[in-house]
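Please treat every number below as a calculation from the coordinates, not as lab data. Being a predicted model, the structure only gives us computed values, none of them experimental. Quick reminder, even Gly has a Cβ in these numbers, built from the backbone with ideal geometry, and neighbours come from all protein chains shown.
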Amino acid sequence: MAEPVGRQFGLLWGIAALSLIALSPLAAAAAGNLWSCPFKSMVGFACPGCGTTRAALDLARLDPLHAVTHYPLPALAWMGFIVGGLVAGWRAWRRQSLPRVPRRLPIWARCALVGVVLVNWAYSIATGV
């Protein structure tokens, strides 16, 4: 049985994922009201997070191929958030235990994560995101 805090987290994550799915038809209307990246406006090239909103909008329009080819890391992160939320919500709803996340990642995992972010940032700059 899931502990109360873990169950609450799973249910909350599931509700957030379902809400994003339910609100995805409104993405086209919201797209015109979004501001551009202040970092890119000031410096002239993409920030490490550039493309996150556009990836979410592409996914909301059910165009995952465009999202992944233009904004790979943000698109994969959004898809992971949605799928993870649905799974966590379902498991919490069924009162199953959720996987335990380590409090501190091993050094190799932290280095790999930084490396992936840097490679994605270089890809964004190279493709002119």
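Within the range 62-84, being buried (at least 19 other Cβ atoms within 10 Å of the Cβ) and in a loop (DSSP other than H, G, I, E, B) holds for one residue alone: Tyr71.
Could you list, in sequence order, all residues of the range 93-105 that are under 20 Å from the mean Cα position of the chain (by Cα) and surrounded by 12 or more Cβ atoms within 10 Å (Cβ to Cβ)? Of everything in the range 93-105, those that are under 20 Å from the mean Cα position of the chain (by Cα) and surrounded by 12 or more Cβ atoms within 10 Å (Cβ to Cβ) turn out to be Leu98, Leu105. Looking at this structure, is Phe39 aromatic (Phe, Trp, Tyr), touching a Cys at 6+ places or on another chain (Cβ under 8 Å) and more than 30 Å from Gly6 (Cβ to Cβ)? In short, yes.
Please tell me if Trp90 is hydrophobic (A, V, I, L, M, F, W, C), touching a residue at least 40 places away in the same chain (Cβ under 8 Å) and either surrounded by fewer than 17 Cβ atoms within 10 Å (Cβ to Cβ) or assigned to a helix (DSSP H, G or I) (or both). So Trp90 fits the description; yes. Of all residues in the range 24-46, those being surrounded by 16 or more Cβ atoms within 10 Å (Cβ to Cβ) and touching a residue at least 40 places away in the same chain (Cβ under 8 Å) number 1. Inspection of the range 106-121 identifies at least one residue that is over 20 Å from the mean Cα position of the chain (by Cα), assigned to a loop (DSSP other than H, G, I, E, B) and surrounded by fewer than 18 Cβ atoms within 10 Å (Cβ to Cβ). Of all residue pairs spaced 6 or more apart or on separate chains, those with beta-carbon atoms under 8 Å, a first member in the range 111-122 that is over 19 Å from Thr69 (Cα atoms) and a second member that is surrounded by 12 or more Cβ atoms within 10 Å (Cβ to Cβ) are Leu113/Leu105.
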